[in-house]
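Trainee: Below are the structure tokens for one structure; questions will follow.
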Amino acid sequence: MPVPVPRQRDIPATESGQAVLHTAAPAIAAPGVAQATPQAAPHTTPLTLLVIEDDPAGGLTVPEILDADGHRIRLRTARNLTEAERLLTPDVHCILLDLSLPDASARTPGAAANGTAHSSANGTGTGTAIGTATATAVDQLVALRQVLRLAPRHAVLVLTDEDDAERAAEAVRVGAQDFLFRDELDGRLLSRAIRYAVERKRADIAQYKLAESKLRAQENARLERGLLPTPLLEGSDLRFAARYRPGRSRALLGGDFYDTVRTPDGTVHAMIGDVCGHGPDEAALGVELRIAWRALTLAGLCGDDLLATLQEVLEVERPCEEIFATLCTVDIAPDGRRAGLCLAGHPAPLISRPGRRARLLPYENSGPALGLLPRARWPRRQVELGGTWSLMLYTDGLIEGHIGEGKERLGQDGMVDMINRHLDRGLSGEGLLEASVTEARRLNGGELTDDVAVVLLSRAEG
């Protein structure tokens, strides 16, 4: 019976009958995927095969194998699993395990029971109804199971007799990369099987890491989407729109945060904030501050009292004392015609009204960012909005992008001009925000490096 190695992996034998085992160049892992498998050695480093067999001196003769440079493959032999564990160093590329190791279960107490239970859990056994022959075959794979536990990142070949094909196939199902028959063992087949086993193990680990990475990314995406706020504006005549773009590569959530809620008295409260930095720690802190703001707002706090309490939350939750957060809060009266404004080191909102140019709200006497000064105060300024208006809150990621290839940045004045151009085109709501973020990216010559959050509240009188 031929060795079950795919035809496309054949390596031509030399004329003398000795096989030449070509060493593979180290595989280049995909971005974000670790190279967990032992790499084939460079041409100057001989390959190493660990043979686990009860009587290496007399029971099993491993033919001479040469690598591509004509060097002999280094062989290590172990009489039992204890020796194998000692000899299993990182430079071992493949393990050849003789399934005829006697008393394997006796040398690994409890392994037989574990192996049988594992087989049943994976569908290879049928509990108490399993046949005697199958149970014997499973028990005889205890040594293989132990090797797989000792060497989860190494390629494993098993050696058995030709009339024991069923157990050999079971060994592959358990985790071996391939099997060889003792009577057909020669240099050509062994070299081909080692190459196949090493490459298959490398591919299996890479595929596992890739699937694990994709699953983790999907879980993170679902988590981050769930952490973005849902505005609570039921009963209000205000329209809400928002855009969020994290600066962190392949992330959905950064250090910027925002929220909008309507309290039972009819007041609409909105806020936007920015934790310094845009990594995962900053994103987590931003979510904590947003949730704390919503809870405190619904509990009736506003203005200076609310910001002072948020600073206490920040000081307790931040990973280091250098972390701070800027914040802008707006509370719009139930009639929609006036609002209270508090700024904690944050850029002032922009307001637009029909027939007027958009402009920034007054930002004199603003307070410091949260976390900078103990016992700081944040004065609340009363602002007249009028009957029909749009109020845009934003983070500095929108205004700190560059203009062209120079060092000049968009800035607040540039942003105001940009918004006015879009308003002249008749844009509003979602379209206005999308056009503004897109143009900021275009002026920057690519993606903005900082997180960007923009919130737009609008009211039309009558």
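The values are calculated or read from the model by the stated rules, or taken from the named source; none is laboratory data. As the structure is a prediction and not an experimental result, all values here were calculated from the model. Here the Cβ is made from the backbone with ideal geometry for all residues, glycine too, and neighbour counts use every protein chain on show.
Trainee: Based on what the data block shows, is Leu385 touching a helix residue (DSSP H, G or I) at 6+ places or on another chain (Cβ under 9 Å), of a type outside the set (Ser, Thr, Tyr), under 29 Å from Asp305 (Cβ atoms) and at pLDDT 95 or above? Outline the logic, then answer.
Mentor: On the way: touching a helix residue (DSSP H, G or I) at 6+ places or on another chain (Cβ under 9 Å): no; of a type outside the set (Ser, Thr, Tyr): yes; under 29 Å from Asp305 (Cβ atoms): yes; at pLDDT 95 or above: yes.
When the stated conditions are applied, Leu385 does not pass them.
Trainee: Quick check on this structure: which one of Leu144, Leu227, Leu210 is at pLDDT below 85 and not small (Gly, Ala, Ser)?
Mentor: Being at pLDDT below 85 and not small (Gly, Ala, Ser) holds for just one of Leu144, Leu227, Leu210, which is Leu227.
Trainee: Quick check on region 270-280. Is at least one of its residues closer than 22 Å to Trp389 by Cβ, assigned by TED's automatic domain parsing to the domain that holds Arg353 and part of a helix (DSSP H, G or I)? First the steps, then the outcome.
Mentor: Going residue by residue through region 270-280, those that are closer than 22 Å to Trp389 by Cβ are 270-272.
Restricting the remaining residues to those that are assigned by TED's automatic domain parsing to the domain that holds Arg353 gives 270-272.
Those left that are additionally part of a helix (DSSP H, G or I): none.
No, region 270-280 has no match at all.
Trainee: Still on this structure, I have one more. Looking at (1) surrounded by fewer than 15 Cβ atoms within 10 Å (Cβ to Cβ); (2) outside any loop (DSSP other than H, G, I, E, B); (3) without any contact (Cβ under 8 Å) to a residue 24 or more places away in the chain, which is the one condition that is false for Leu296?
Mentor: Here Leu296 clears every test but (1).
Trainee: Ok, one more. Could you grab me the full set of residues in region 302-315 that are modelled with pLDDT of 95 or more and hydrophobic (A, V, I, L, M, F, W, C)?
Mentor: Leu306, Leu307, Ala308, Leu310, Val313, Leu314
Trainee: Additional query: Looking at Ala165, Ala206, Ala176, Ala171, which one is closer than 16 Å to Leu50 by Cα and surrounded by 14 or more Cβ atoms within 10 Å (Cβ to Cβ)? First the steps, then the outcome.
Mentor: Working: Ala165 fails: closer than 16 Å to Leu50 by Cα; Ala206 fails: closer than 16 Å to Leu50 by Cα; Ala171 fails: closer than 16 Å to Leu50 by Cα.
The match here is Ala176.
Trainee: Moving to a separate point now. I'm checking my understanding of the structure. Among residues of region 416-430 that are part of a helix (DSSP H, G or I) and touching a strand residue (DSSP E or B) at 6+ places or on another chain (Cβ under 9 Å), which one is surrounded by the most Cβ atoms within 10 Å (Cβ to Cβ)? Explain how you work it out, then say what you get.
Mentor: Step one: list which residues in region 416-430 are part of a helix (DSSP H, G or I), which gives 416-424, 429-430.
Pick out the ones that are also touching a strand residue (DSSP E or B) at 6+ places or on another chain (Cβ under 9 Å) and you get 416, 419-420, 423, 429-430.
Working: Val416: 17, Ile419: 24, Asn420: 16, Leu423: 17, Gly429: 13, Glu430: 14.
The residue in question is Ile419.
Trainee: In region 443-458, is there at least one residue being within 34 Å of the chain's Cα centre (by Cα), part of a helix (DSSP H, G or I) and more than 20 Å from Phe324 (Cα to Cα)?
Mentor: yes
Trainee: Among the listed residues Leu432, Leu448, identify the single one that is at pLDDT 95 or above and either of a type in the set (Phe, Trp, Tyr) or in the same structural domain as Gly355 (by TED's automatic domain parsing) (or both).
Mentor: Being at pLDDT 95 or above and either of a type in the set (Phe, Trp, Tyr) or in the same structural domain as Gly355 (by TED's automatic domain parsing) (or both) holds for just one of Leu432, Leu448, which is Leu432.
Trainee: Identify all residues within region 228-279 that are among the β-branched types (Val, Ile, Thr) and more than 29 Å from Ala217 (Cα to Cα); write none if there are none.
Mentor: Of everything in region 228-279, those that are among the β-branched types (Val, Ile, Thr) and more than 29 Å from Ala217 (Cα to Cα) turn out to be Val261, Thr263, Thr267, Val268.
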